[in-house]
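Asks: Just passing along the structure, written as structure tokens.
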């Protein structure tokens, strides 16, 4: 009965959030707090399902993550300085509340207030990655920077929990370095698995049994290590396929995570007011991220995009509060306050990031301009040269489109791709590819100045990304032909309403192409008469 109630509440919450154009996860959070306020008993296994959802999320991040990113100065230095600055601002704000006389704050020691400031310095890995996935930006430059910063924040949280006595690793934990050579046999097993449900089961087993269970048994945070296991398997040729096969399953598991956040206690009026007041810290955190990344010679737009997507509190803040309360460092009511502040920050951040690209563009004038020579090598603007056609995102569909335009129609084609690994692979196959972000208005300004582009093909796998790129094209004054792909009928209609010249339904177009090819084979066979030799094969087979 409890399970049915929670499922119904999640569906209703998600529908209500979608109706007012908010992400469904905001509705799941609201449903969790409503159930918590009603003292509804949680169904058995909800916490375990939520943990598996987070484990799979971090595992899928690892499948797309390059661990070398953590060694870059813009990652480790920004994360360290930002954590110190955010903790100091949080402590200062709480000190102001002490002066005002807020009861819950006034009775706490300096150390307790510093711990609360530390708990509020993290951003949510779960929330941020969901936003990046919805935008198809997980492998963009700002997306990779955001994920790198989150990983280092999670490491700091784990270190605190160990120091506070919450989770002391076993001395045998040093043996866990053996997972690195274990990648080789895992790759060989994966080679024999093939496709379908067995591959998905293999991924879940590696993430949960090895990335979570084994590490937890040695007293090491298993959720973070799931990311490590994903990174060890990231080089396998089928890693992208495994990533896609786990997406829906992982998203369903994460519903339990968002519901569970609302079950950390029933907030009273005093706790609710304090939770809302703590949101005043978020603008400072966004400013710190943006300024620090700008100092690292990233473009202003990139810095603000990263800052906006990280504008939220973290579920790790709740864990830090729980450990602090268990160790007697905090009043137990702070767990409720921080849980509510985390949930409200998700809603606020969801509203901000609905128009995150537009907001980042508007905020650009707030920081001085870097010259092209001063910019970080990975963030310099690109010129499309004298190409006739642009293909945006070179996955399977985009790469096939590129080859057809180049080989059959003789056009000069340029691909645009923001995944560095994919760019390297395509370069080795003699594709001409630019590593760039197609949702960046400054990139489309370069397309306009080039003046040679006749056709742009939007082949990104996520509808919102294609829609943003289409709007960027129009804002830049592009007058050529725009073609796009879409998965669903309503997405096709929306792209057409926004001015796309041609929109191809992925499934419908595939069926049409298959019918055309079958008809060509039939007619060709009828013309030639029966044949059983090599000539009977399809010319394009």
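The values are calculated or read from the model by the stated rules, or taken from the named source; none is laboratory data. These numbers come from a predicted model, not from an experiment. Using ideal geometry, Cβ is built from the backbone for each residue, glycine included, and neighbour counts are taken over all protein chains shown.
Asks: Which of the residues belonging to segment 291-301 are crowded, with 24+ Cβ neighbours inside 10 Å and in a helix (DSSP H, G or I)?
Replies: 293 - this is the single residue of segment 291-301 that is crowded, with 24+ Cβ neighbours inside 10 Å and in a helix (DSSP H, G or I).
Asks: Return a yes/no flag: does segment 407-419 have any residue that is under 25 Å from residue 133 (Cβ atoms), touching a helix residue (DSSP H, G or I) at 6+ places or on another chain (Cβ under 7 Å) and either surrounded by fewer than 16 Cβ atoms within 10 Å (Cβ to Cβ) or modelled with pLDDT of 85 or more (or both).
Replies: yes
Asks: Another question, if that's okay. Being in contact (Cβ under 8 Å) with a residue 60 or more places away in the chain and buried (at least 18 other Cβ atoms within 10 Å of the Cβ) is the filter; apply it to segment 280-290 and report the residue that is nearest to residue 105 (Cα to Cα).
Replies: Result: 281.
Asks: Return yes when residue 351 is in the same structural domain as residue 110 (by TED's automatic domain parsing) and either under 30 Å from residue 410 (Cβ atoms) or modelled with pLDDT of 85 or more (or both) and no when it is not.
Replies: Values: in the same structural domain as residue 110 (by TED's automatic domain parsing): yes; either under 30 Å from residue 410 (Cβ atoms) or modelled with pLDDT of 85 or more (or both): no.
Answer is no for this residue.
Asks: Here's another thing I want to ask about it. Being surrounded by fewer than 16 Cβ atoms within 10 Å (Cβ to Cβ) and modelled with pLDDT of 70 or more narrows it down to one of 497, 472, 449, 435, so name that one.
Replies: From the options 497, 472, 449, 435, the qualifying one is 497.
Asks: Further, regarding this structure: Do we have residue 455 as in contact with a strand residue (DSSP E or B) (Cβ under 7 Å, 6 or more places away or on another chain), closer than 30 Å to residue 66 by Cβ and at pLDDT 75 or above here?
Replies: no
Asks: Given the criteria at pLDDT below 75, part of a helix (DSSP H, G or I) and outside the structural domain of residue 26 (by TED's automatic domain parsing), does residue 175 qualify?
Replies: In short, yes.
Asks: Is it true that residue 232 is at pLDDT 75 or above and either surrounded by fewer than 19 Cβ atoms within 10 Å (Cβ to Cβ) or within 30 Å of residue 332 (Cα to Cα) (or both)?
Replies: Values: at pLDDT 75 or above: yes; either surrounded by fewer than 19 Cβ atoms within 10 Å (Cβ to Cβ) or within 30 Å of residue 332 (Cα to Cα) (or both): no.
When the stated conditions are applied, residue 232 does not pass them.
Asks: With the structure loaded, tell me whether residue 422 is buried (at least 18 other Cβ atoms within 10 Å of the Cβ), on the phi > 0 side of the Ramachandran plot and under 27 Å from the mean Cα position of the chain (by Cα) or whether it fails that test.
Replies: It is false that residue 422 is buried (at least 18 other Cβ atoms within 10 Å of the Cβ), on the phi > 0 side of the Ramachandran plot and under 27 Å from the mean Cα position of the chain (by Cα).
Asks: Please determine whether any residue of segment 524-540 is at pLDDT 65 or above, assigned to a helix (DSSP H, G or I), over 18 Å from residue 400 (Cα atoms) and not assigned by TED's automatic domain parsing to the domain that holds residue 137.
Replies: No - not one qualifying residue is present in segment 524-540.
Asks: Now for a separate question. Would you mind finding the one in 304, 346, 313 that is within 19 Å of residue 118 (Cβ to Cβ), modelled with pLDDT of 85 or more and either surrounded by fewer than 24 Cβ atoms within 10 Å (Cβ to Cβ) or touching a helix residue (DSSP H, G or I) at 6+ places or on another chain (Cβ under 8 Å) (or both)?
Replies: Sole residue among the options that is within 19 Å of residue 118 (Cβ to Cβ), modelled with pLDDT of 85 or more and either surrounded by fewer than 24 Cβ atoms within 10 Å (Cβ to Cβ) or touching a helix residue (DSSP H, G or I) at 6+ places or on another chain (Cβ under 8 Å) (or both): 313.
Asks: Pick out the one residue from 311, 325 that is within 23 Å of residue 260 (Cα to Cα), free of Cβ contacts under 8 Å to residues at least 24 places away in the same chain and either out of contact with any strand residue (DSSP E or B) (no Cβ under 9 Å at 6 or more places or on another chain) or not in a loop (DSSP other than H, G, I, E, B) (or both).
Replies: Details: 311 fails: free of Cβ contacts under 8 Å to residues at least 24 places away in the same chain.
Going through 311, 325 in turn, just one is within 23 Å of residue 260 (Cα to Cα), free of Cβ contacts under 8 Å to residues at least 24 places away in the same chain and either out of contact with any strand residue (DSSP E or B) (no Cβ under 9 Å at 6 or more places or on another chain) or not in a loop (DSSP other than H, G, I, E, B) (or both): 325.
Asks: Same structure, new question: Only residues that are closer than 23 Å to residue 290 by Cβ and assigned to a helix (DSSP H, G or I): list them for segment 103-131, please.
Replies: Correct list: 117, 118, 119, 125, 126, 127, 128, 129, 130, 131.
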